[in-house]
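Worksheet for the structure shown next.
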Amino acid sequence: MSGVQLPANLSEETVREISESRDEPGWLLEARLDALESLETLDLPDVIQTPGRRWTNLDALDFESLVDPLDQADETERASDEGVEVLTFAEAIDAHPERVESAFGSTIDPEENYLTALSAALFTTGTVVYVPEGVDAEDVTIRAEMNSRSLFSHTLVVTEKSSSVTILESIESGESVDSDARYFSNLVEIDAGENSYVQYGSLQDLEEDTYSYSLKRADVNTYATVNWIEGNLGSRLTRSDVESELNGDSAETKIVGAFFGHSDQHFDVNARVWHQAENTTADLVTRGVLDEEARSVYEGVQDVGRDAWNTSSYQRENTLMLSDESEADASPKLIIHNHDTEASHSATVGQVDQEDLFYMVSRSVPPQQARNMLVKGFFVPVLEEIEVDEFRDDLEELIAARLP
């Protein structure tokens, strides 16, 4: 049995009201109700534990005060490129009912854990991106503003054979609400068809009264590529999972992550890849900076299956701490079931190099400016991995704004 207390305002009548107000088909209502029922038995997502310590205390989340299912509001701007359809979830159900029904829950099981089920039962916003065969699209943007105490979002991306798309998603806080804390949930499913290419960039800059949970997962088929870019700077507690399942021959993925925390922010950041087929390639690169009393925990998993011959899989994670009060832990993992594998992983946690700082100060660079220059330089390896100029510029601006 789950140890999580169900909110009193969460009931079958609540879920039916959400679904009926959106004029949803019966299959989606049933999926919502199944997710609702499963909440009584599901557990929260696993978190990293070290001897004597549980790094992220999701059990402390008070969903009674955080979640208001019938009062969800957002302002979302969607921009499309020629040939690609970028629709609200409701529009997509009308335009492509069978495609949406097939894609929903195909990559992320709504009943995977308590938070996915809560999101599947209650989501009121979301986007469906459909890229037909042979279409190349670059300028797809989803810019969302959260204007309520809680907000649940669900995004589906479907790319047909030999198509490509670059999607930039951002979420920030909008109107203030009469609440001490907020909750944001975002599930993203990508079904990448044969020989298709998807680049999905996500930037989270919510106000620091917010608890955020996101799970993004891709099903990467034969000769397909899915590249993720994940930037987290906002919220009080961030739980971010970015995952790729390489299910087709010669499938590829790259997961690039960056976070910057200050005050008492907490980041629980996870990157995972499953190599299920032959000739697959993965590269995981994450860098984070912590100042003041901020904390982070990172888990990176490279799982090589028995049939994943000729696998290449690499992982690098580095965390820089700017104060003695900040804390970080990193747990890179290699799980290899096929000997025909070339793989490596590394993780470092440390403070600003005092020799570098002394050298710059001795060359007449003021101490604060020297430290800021070192922080900017620390993020360069991640920024260099970002091919989209707009996303890289936005992330650089947010990093610079965070520096004193």
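Descriptive notes on the structure:
- Estimated vicinal HN-Hα couplings, Hz - region 58-69 in sequence order (Karplus 6.51, -1.76, 1.60; Gly, Pro = x): 5, 4, 7, 5, 9, 5, 4, 8, 7, 10, 10, x
- Backbone N atoms of region 205-244 closer than 17 Å to the 7 Å Cα→Cβ label point of GLU145 belong to residues 205-208.
- For region 3-154, the C-alpha radius of gyration sits at 1.16 times the compact-globule guess of 2.2 N^0.38 Å, with N the residue count.
- Among the trypsin sites (Lys or Arg not before Pro) within region 266-315, those in coil by DSSP and having at most 11 neighbouring Cβ atoms inside 10 Å are ARG306.
- Tensor-based shape of region 78-184 (alpha-carbon gyration tensor, a/c under 1.5 rounded, otherwise prolate or oblate): oblate
- For SER250, residues with placed amide H under 5 Å, excluding near neighbours: TYR223, GLU278, ASN279, THR280
- Three-way shape label, region 100-147, alpha-carbon gyration tensor, a/c 1.5: oblate
- Scaled to the globular estimate 2.2 N^0.38 Å, the Cα spread of the chain, given as radius of gyration, is 0.97.
- Spacing of the modelled spin labels on LEU334 and ASP393, each 7 Å from Cα toward Cβ, amounts to 4.0 nm.
- Residues in region 84-97 carry Karplus couplings, in order, of 10, 9, 10, 10, 5, 4, 5, 4, 5, 5, 6, 7, 9, x Hz; the curve used is 6.51 cos²θ - 1.76 cosθ + 1.60 with θ = phi - 60°, and Gly or Pro positions show x.
- For region 287-294, backbone phi angles converted through the Karplus equation (6.51, -1.76, 1.60; θ = phi - 60°) give residue-by-residue couplings of 9, x, 10, 10, 10, 6, 9, 5 Hz, Gly and Pro being listed as x.
- The stretch between GLU342 and ASP249, if pulled fully straight at 0.36 nm per residue, gains 31.8 nm over its current Cα-Cα span.
- Label-to-label distance, nm, for residues given as ARG363 and ASP43 (7 Å Cα→Cβ offset): 5.2 nm
- Heavy-atom accessible surface of region 249-404: percent carbon and sulfur, 1.4 Å: 46 percent
- The chain, accessible area per residue, ligands and nucleic acids excluded (1.4 Å, Å²): 42 Å²
- Scanning residues 5 or more positions from GLU138 or on other chains, those with amide H under 5 Å from its amide H are THR166, with H placed 1.01 Å from N in the peptide plane.
- Ranked packing of 19-31, 80-92, most packed first, by mean Cβ within 10 Å: 80-92, 19-31
- Restricting region 322-375 to trypsin sites (Lys or Arg not before Pro) in coil, as DSSP defines it, with at most 12 other Cβ within 10 Å: ARG363
- Among the GluC sites (Glu not before Pro) in region 331-404, those located in a DSSP loop and surrounded by at most 14 other Cβ atoms within 10 Å of their own Cβ are GLU384, GLU387.
- For region 1-82, the fraction of 1.4 Å probe accessible surface lying on carbon and sulfur atoms is 42 percent.
- Computed [θ] at 222 nm, helices only, for the chain once each DSSP H run of length n ≥ 4 contributes -39500 (n - 2.57): -6500 deg cm²/dmol
- Pair SER80, ASP23: separation of 7 Å Cα→Cβ label points (nm): 1.9 nm
- GNM on the chain, alpha-carbon springs under 10 angstrom: the most fluctuating residue among PRO132, PRO110, PRO366 is PRO366.
- For VAL352, distant residues with modelled amide H under 5 Å away: MET321
- For region 155-182, the residues whose amide N sits under 20 Å from a probe point set 7 Å from the Cα of GLU207 along the beta carbon direction are 170-182.
- With a Förster radius of 60 Å applied to the beta-carbon distance between ASP353 and THR88, the computed FRET efficiency rounds to 0.80.
The values are calculated or read from the model by the stated rules, or taken from the named source; none is laboratory data. Keep in mind it's a predicted model, so treat the numbers as computed, not measured. Neighbour counts are summed over all protein chains in view; Cβ atoms, including those assigned to glycine, are modelled from backbone coordinates with ideal geometry. In case anyone asks, the SASA skips ligands and DNA or RNA and just uses the protein heavy atoms, side chains included. Shrake-Rupley method; radii C 1.70, N 1.55, O 1.52, S 1.80 Å.
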